[in-house]
Amino acid sequence: MARSRPESFRATRPPPPVTDQHCCYVCYLVTRQHLPIARVAELLHDTYDTSVSTGAIVAMVAEGAAMLSGFLGEVQAQLRTAQVVHADETGLRVNARLAWVHAVSTTDLTLYHLDTRRGATAMDAMGVLQHLTGVLVHDGWAPYRHYDKVRHQLCCAHLLRELAAAALNEGQSWANDMAGLLSDTWHHVLEAKANGQRSLSDDELTSLHATYRTIIASGHEVNPPPTPTGRRGRLQRSKAHNLLNRLDVHMDDVLRFTTNTNVPADNNLCERDIRMVKIAQKISGGFRSFEGAEAFLAFRGYLSSAAKQGANRLEVLQQLFVGDPWMPSPSGTSP
């Protein structure tokens, strides 16, 4: 005999009024769990036996994002004074066109900015990087050099991948030596930091720099400057040669983490923050409007910052929808 549906799930149950709790739940599903809006509507129907339109769900997210302006301003202000900031960017499909998401983050804060542009003009519009005076950790993308008031730390994880490719695909033996040096130094600095050291010793730094320069010199021996052809334009160099020159010119920025152990050797922090945007696009597809994408990113920054500072994501969403949004601690400026 077929079982009857529980009384609480019968179609005769009157639809519940939309409450702050429902708005909190919807925004959590859309902006944290990345469920497509149509599937959120389906879930609400199966849970409450009532229909909620996709337009209503979009409106809930937009309403919550509108209440985050104070939070976003506070995060922006704190990031401007942070001593170590990570930066990254990625593409995002918005209204069937390519837009760019720029992210800046610390161990306590995350902020996103959506723009139709990718370069320094878009990053300036974010209102953070041009105010920094500390260390900016990034992957070496050229527009970050636009910010000359900061010191730079190039992501060693990126460099190690490039070095591995140079050794494997182009037979560059010096690349293996440099990869080994950077890996060993990275582990050594982590040990030093665990022991309370703020920098490697002068003797250690002198030895490190000498070994680094020796490897660079051996790289130049097998990668001489290209012979002029008489044609106009930049002379062509291999990827390995370009990598070698970058390591040579920016040695201080590659090894910044050895003189300040508060500076990470990689940009994994911001890469993780921005990866969630790509995951959302993979699960739910692109965004239909610029405003919808901005609302999503505002929530992502809110939930990411709260989680970094130990707050419960659902609880901070509840605070938001009762008009008392969670705000980051001033200690969020610490590296």
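The values are calculated or read from the model by the stated rules, or taken from the named source; none is laboratory data. Note that the structure is a prediction, hence the values are computed from the model and not measured. Glycine gets a Cβ as well: all are built from the backbone with ideal geometry, and neighbour counts include every protein chain shown. Accessible surface areas use protein heavy atoms only, side chains included; no ligands, DNA or RNA. Shrake-Rupley method; radii C 1.70, N 1.55, O 1.52, S 1.80 Å.
For this structure, a couple of remarks:
- Modelled this way, with points 7 Å down the Cα-to-C-beta line, the labels at L168 and S207 are 3.1 nm from one another.
- Spacing of the modelled spin labels on K239 and A217, each 7 Å from Cα toward Cβ, amounts to 2.9 nm.
- The mean accessible area for residues of region 168-228, using a 1.4 Å probe and ignoring ligands and nucleic acids, is 63 Å² per residue.
- When each of K239/K308; K282/K308; K149/K282; K149/K193 is checked by Cα-Cα distance, pairs over 29 Å: K239/K308; K149/K282
- Figure note: K282, K308 ranked by solvent-accessible area, largest first, 1.4 Å probe, ligands and nucleic acids not counted: K282, K308.
- Computed from the Kirkwood radius of its Cα pairs, the Stokes-Einstein diffusion coefficient for region 182-335 at 20 °C and 1.002 mPa s stands at 106 µm²/s.
- Packing rank of 131-137, 23-29, where each peptide gets the mean count of other beta carbons within 10 Å, highest leading: 23-29, 131-137
- Protection-proxy order for peptides 254-264, 291-301, each taking the mean of Cβ atoms within 10 Å per residue, highest first: 291-301, 254-264
- Computed over protein heavy atoms with a 1.4 Å probe, the accessible surface of region 46-160 works out to 38 Å² per residue.
- Residues listed by number, region 254-274, amide nitrogen under 18 Å from Q197 label point at 7 Å toward C-beta: 255-266
- Extension gain from K149 to A77, taking 0.36 nm per residue of separation minus the Cα-Cα distance: 24.2 nm
- Between L190 and D46, the contour length at 0.36 nm per residue exceeds the alpha carbon distance by 46.8 nm.
- For the chain, with all protein chains in place and a probe radius of 1.4 Å, 51% of the accessible heavy-atom surface sits on carbon or sulfur.
- With N as its number of residues, the chain has a Cα radius of gyration that, divided by 2.2 N^0.38 Å, comes to 1.23.
- Under 5 Å, built H, 5+ apart or other chain: amide partners of V84: V135
- Length gained on full extension, L314 to T133, computed as 0.36 nm times the residue gap minus the Cα-Cα distance: 61.7 nm.
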